[in-house]
Amino acid sequence: MNTPNRRHLLLVPALAIGAVAVALAAEPQPSATGAAVSDAIAVIAPTQGQKVSGTVRFHREGDAVHVTGELSGLTPNGKHGFHVHEFGDCSAPDGASAGGHFAPEAHPHGAPDPATHHAGDLGNIEADASGNAKVDITVKGLGLDSGERAIVGRALIVHGGADDLTSQPAGNSGPRVGCGVIGVAKSGA
């Protein structure tokens, strides 16, 4: 008759606890107050050889997200593609570690207002003569911390050129000149 080894008896509960911890970590967690996240932020830093920087805020408004912010170091009087990318990783010198556009439904690339487009398609921002831009757009259907279209933990990318809003797969908007990871922000800040 085989008797179970004591190490094996201890290993089974440890594996079960580990599996539960992994499952819980994968689910969106409420804020410290227990409420769903209503605000997020991305601090944009320049990619290698660029000067783009700024702060972009995301605020939940019903079924939409209001995106506001200020950026500097852009091409004066230029338009710049502005997108949420799939990975919250800005470690590559050229921003490539952020992956492609955030597109959970695999829709084609496009402007942020048609019924079907990448969830991360935010259109263009336009710089003034000094290379500064103000962001103020509202995008329907995005989530902050939960759901298939949640953007917390992903990257916000500013591109060097204008997004033509039609070219596939990403609008032909040129190199990534700024990158910031989208994180949870204090509500109303």
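The values are calculated or read from the model by the stated rules, or taken from the named source; none is laboratory data. Predicted model only: the values in this text are computed from it and were never measured. Here the Cβ positions follow ideal geometry from the backbone for every residue, glycine too, while neighbour counts run over all protein chains shown.
Each row is one residue, and each column tells you yes or no for (1) at pLDDT below 50; (2) of a type in the set (D, E, K, R); (3) farther than 17 Å from His159 by Cβ.
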residue	(1), (2), (3)
Leu9	yes, no, yes
Ala19	yes, no, yes
Val22	yes, no, yes
Ala42	no, no, no
Gly62	no, no, yes
Val67	no, no, no
Asn77	no, no, no
Gly81	no, no, no
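Being surrounded by fewer than 19 Cβ atoms within 10 Å (Cβ to Cβ), at pLDDT below 90 and polar (S, T, N, Q) narrows it down to one of Ser91, Ser38, so name that one. Don't jump to the end; show me each part of the working.
Values: Ser91 fails: at pLDDT below 90.
Criteria check complete, one pass: Ser38.
Sort out which residues of the stretch 123-148 are in a loop (DSSP other than H, G, I, E, B), at pLDDT below 90, surrounded by 15 or more Cβ atoms within 10 Å (Cβ to Cβ) and in contact with a Pro (Cβ under 6 Å, 6 or more places away or on another chain), and write them in order of number.
Matches in the stretch 123-148: Asp145 only.
Just to be sure I understand, how many residues within the stretch 63-86 are part of a loop (DSSP other than H, G, I, E, B) and touching an Asp or Glu at 6+ places or on another chain (Cβ under 8 Å)?
First pass over the stretch 63-86, keeping only residues part of a loop (DSSP other than H, G, I, E, B): 63, 73-78, 86.
Right, trim to touching an Asp or Glu at 6+ places or on another chain (Cβ under 8 Å) and you get 76-78.
Final tally of qualifying residues: 3.
Considering only the stretch 87-101, state which residues are part of a loop (DSSP other than H, G, I, E, B) and out of contact with any Gly (no Cβ under 6 Å at 6 or more places or on another chain). Outline the logic, then answer.
If we filter the stretch 87-101 for residues that are part of a loop (DSSP other than H, G, I, E, B), which is where we start, we get 87-95, 99-100.
Residues satisfying the conditions are Asp89, Cys90, Ser91, Ala92, Pro93, Asp94, Gly95, Gly99, Gly100.
Considering each residue of the stretch 150-166, count those that are surrounded by fewer than 18 Cβ atoms within 10 Å (Cβ to Cβ) and in contact (Cβ under 8 Å) with a residue 40 or more places away in the chain, and give that number.
Step one: filter the stretch 150-166 for residues surrounded by fewer than 18 Cβ atoms within 10 Å (Cβ to Cβ), giving 153, 161, 164, 166.
When the remaining residues are screened for being in contact (Cβ under 8 Å) with a residue 40 or more places away in the chain, the result is 153, 161, 166.
Count: 3.
Provide a single number: the residues in the stretch 53-62 that are farther than 18 Å from Val43 by Cβ and assigned to a strand (DSSP E or B).
First, pick out the residues of the stretch 53-62 that are farther than 18 Å from Val43 by Cβ: 60-62.
The next check asks that each one be assigned to a strand (DSSP E or B); those that pass are 60-61.
Residues flagged as farther than 18 Å from Val43 by Cβ and assigned to a strand (DSSP E or B) within the stretch 53-62 amount to 2.
Report yes if Gly100 is surrounded by 15 or more Cβ atoms within 10 Å (Cβ to Cβ) and either aliphatic (A, V, I, L, M) or at pLDDT below 95 (or both), otherwise no. Steps first, answer last, please.
Working: surrounded by 15 or more Cβ atoms within 10 Å (Cβ to Cβ): yes; either aliphatic (A, V, I, L, M) or at pLDDT below 95 (or both): yes.
Yes: the conditions hold for Gly100.
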